[in-house]
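The values are calculated or read from the model by the stated rules, or taken from the named source; none is laboratory data. All values reported here derive from a predicted model rather than from experimental measurement. For neighbour counting, all protein chains shown are included, and Cβ atoms are generated from backbone atoms with ideal geometry for every residue, glycine included. Side chains are part of the model used for accessible areas, which takes the heavy atoms of the whole protein and leaves out ligands, DNA and RNA. Shrake-Rupley method; radii C 1.70, N 1.55, O 1.52, S 1.80 Å.
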Amino acid sequence: MANIKVPFADFSPMHRELSDELLKAYSRVLEKNVFIHGEECGKFENEFAEYCGAAYCVGVANGLDAIYLILKALGIGRGDEVIVPSNTFIATALAVSYVGADLVFVEPTIETYNIDVTKVEEKISSKTKAIIAVHLQGRAADMDAVNSIAKKYGLYVIEDAAQAHGALYKGKKVGTLSDAAAFSFYPGKNLGALGDAGCVVTNNKDIADKVRALGNYGSDYKYHHIYKGTNSRLDELQSAFLRVKLPHLDAWNEARRKIAAQYSDGIVNPMIKLPLKSDTTYTHIYHVFAVRCAKRDELEAYLSKRGIGTVKHYPIPMHLQLAYEDLKLGKGSLPVAEEISSTILSLPMYYGMTQEQIAHVIESLNKFN
């Protein structure tokens, strides 16, 4: 199997199947000559809200804006603190910084990579206003525990569901387990646009209305500005593409779960630590299938030589990034996040992987020493 190539991700299998529909969607938008705030966006918002089981969906420009606009809509800003997992993509933290609030990092559990709910309460102060629960890699955070703590201290809960489209927690879709949830439709997501895109999902009309206004220059209707807003809108073309893809999302997620099951059952190298399996409490959608290995860099190089693409999510934890050197959180201050960052490696995971490719990945990992 040495000549088999397995890219880390490949969108061509899904796009080949949908090419006619995607071209029709493009033509439909082009013919209407409405590119912002048209019916495609409105229809997608309704369809995605229904998919999630939520009352409202508001399209925005990207996932980072989605978190930022939620925080703004909740009135969180300078002098406030927001609890964020120490192991996540930096966008989660940047949104907090953008509203002027202070970041309070809480470590993840080494098994789930998600926020360790047993460590949240010790970080709550009189300034704490919200907890951002990230559903990292497609596995839901422990939302019952997060919501219980939030209720006890009167805090908002925000879901960062950028990697978890269609994931379930106790049979309920993520995005509906908090005050509001942020989704990204970056092309590499399980539900990806053909460019940047995102949305906010909520059951709270006031939050939805404020997010919509804030993302439209603070305007509730044309040339009437009630907030100092920004420009963050989901355009018609990306909405049309997302409408084509949404009906296939559950099937694509199921295909990922089947690949994950083959990896989990087939990889038996004791040097490789596998992620937790999907179960009835946490129905994983495997946006990422990440393993851990003490010799991660050697494993990465070895797999590359065998034609297997991998990605390190994320090689430098947020508190050690130059962007956050002002926090003065030196090496060793968040050891679990640092351990994950130094050992994690994400394997190929995408709809359309062949059995030959899957077998090559499994065989290669089992031969590594």
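Miscellaneous remarks
- Annotation: extensible slack from residue 46 through residue 258 equals 73.4 nm (criterion: 0.36 nm per residue apart, minus Cα-Cα distance).
- When each of the peptides 201-207, 31-37, 64-70 is scored by how many other beta carbons lie within 10 Å of its residues on average, the order from highest to lowest is 64-70, 201-207, 31-37.
- Length-normalised contact order of the stretch 190-231 in % [C-alpha pairs under 8 Å, at least 6 apart]: 26 percent
- Scaled against the 2.2 N^0.38 Å expected of a compact globular protein of N residues, the Cα radius of gyration of the chain reads 0.99.
- Spin-label model, residue 356 to residue 327: label points 7 Å out along the Cα-to-beta-carbon direction sit 4.6 nm apart.
- Each Lys and Arg contributes +1 and each Asp and Glu -1, all at the Cβ; summed about the Cα centre of the chain, the dipole is approximately 180 debye.
- Considering only alpha-carbon pairs that sit under 8 angstrom and 6 or more positions apart, the relative contact order computed for the chain is 23 percent.
- Dipole magnitude for the stretch 199-278: about 120 debye, using +1 per Lys or Arg Cβ and -1 per Asp or Glu Cβ, origin at the Cα centre.
- The string of couplings for the stretch 346-353 from the Karplus curve (6.51, -1.76, 1.60, θ = phi - 60°) is 8, 8, x, 7, 6, 4, x, 4 Hz, one whole number per residue in order, with x for Gly and Pro.
- Across the stretch 218-329, the mean sequence separation of Cα contacts (distance under 8 Å, 6 or more residues apart), normalised by length, yields a relative contact order of 14 percent.
- Where labels lie 7 Å past Cα in the beta-carbon direction, separation of residue 312 and residue 294 in nm: 1.8 nm
- Amide H within-cut-off set for residue 311, under 5 Å, with H built and near neighbours excluded: 346
- Between residue 178 and any residue 5 or more places off or on another chain, the built amide H atoms are never under 5 Å apart.
- Stretching the chain fully between residue 90 and residue 228 yields a gain of 47.2 nm (0.36 nm per residue, less the alpha carbon separation).
- Taking only protein heavy atoms and a 1.4 Å probe, the accessible area of the stretch 159-254 is 49% carbon and sulfur.
- Accessible area per residue for the chain is 43 Å², calculated with a 1.4 Å probe on protein heavy atoms, without ligands, DNA or RNA.
- With θ taken as phi - 60° and the Karplus curve 6.51 cos²θ - 1.76 cosθ + 1.60 applied, the whole-hertz 3J(HN,Hα) list for the stretch 354-369 is 7, 4, 5, 5, 4, 4, 5, 4, 4, 4, 5, 5, 5, 8, 6, 8 Hz, x standing for glycine and proline.
- For the stretch 23-103, with all protein chains in place and a probe radius of 1.4 Å, 52% of the accessible heavy-atom surface sits on carbon or sulfur.
- Given +1 at the Cβ of Lys and Arg, -1 at the Cβ of Asp and Glu and no other charges, the dipole of the stretch 26-65 around its Cα centre is 100 debye to the nearest 20.
- Within the accessible area of the stretch 278-341 (1.4 Å probe), percent carbon and sulfur: 54 percent
- Net length gained if the chain between residue 27 and residue 11 were fully extended (0.36 nm per residue, minus Cα distance): 3.6 nm
- Report summary: the helix-based calculation at 222 nm, which adds -39500 (n - 2.57) for every DSSP H run with n ≥ 4 and divides by the residues of the chain, gives -11500 deg cm²/dmol.
- For the residue pairs 5/312; 123/273; 123/205; 72/170; 173/210, the C-alpha atoms sit more than 27 angstrom apart in 123/273; 123/205; 72/170.
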